[in-house]
Amino acid sequence: MAEEVLLNLDSQDSQTPQESQEDEFETMLEKAKVVLNKLNSQEVTLKESLALYESGMRYLKDAQEILEQAKLQYQEFKD
């Protein structure tokens, strides 16, 4: 069931790095939301819950890293 959480989104090669980064950030947040919805389901076993929790935390960590990178880029641009 945890594998079902992954969203199949096509990447677009014509995007600028900033657009790609924004899309990736939003994708990570969307995946985390899907995981949260699955975790709120009463039909999930403990084992599935643990796997979902792990993947959700990974998505949030990845989103946080993207956000930190954007913050650094902003600071460099600002200075």
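The values are calculated or read from the model by the stated rules, or taken from the named source; none is laboratory data. Just so it is clear, the model here is predicted, and its values are computed rather than measured. Cβ sites come from the backbone with ideal geometry, for glycine too, and all protein chains shown count toward neighbours. Keep in mind that these areas ignore ligands, DNA and RNA; they rest on the heavy atoms of the full protein, side chains included. Shrake-Rupley method; radii C 1.70, N 1.55, O 1.52, S 1.80 Å.
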Could you list, in sequence order, all residues of segment 18-52 that are open to solvent by 50 Å² or more (accessible area, probe 1.4 Å) and of a type in the set (A, V, I, L, M, F, W, C)? F25, L29, L36, L39, L46, L50
Among the numbered conditions (1) modelled with pLDDT of 95 or more; (2) within 10 Å of the chain's Cα centre (by Cα), tell me where E24 comes up short. (1)
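Of the residues that make up segment 4-11, is at least one surrounded by 13 or more Cβ atoms within 10 Å (Cβ to Cβ), touching a helix residue (DSSP H, G or I) at 6+ places or on another chain (Cβ under 8 Å) and either at pLDDT 95 or above or part of a loop (DSSP other than H, G, I, E, B) (or both)?
no
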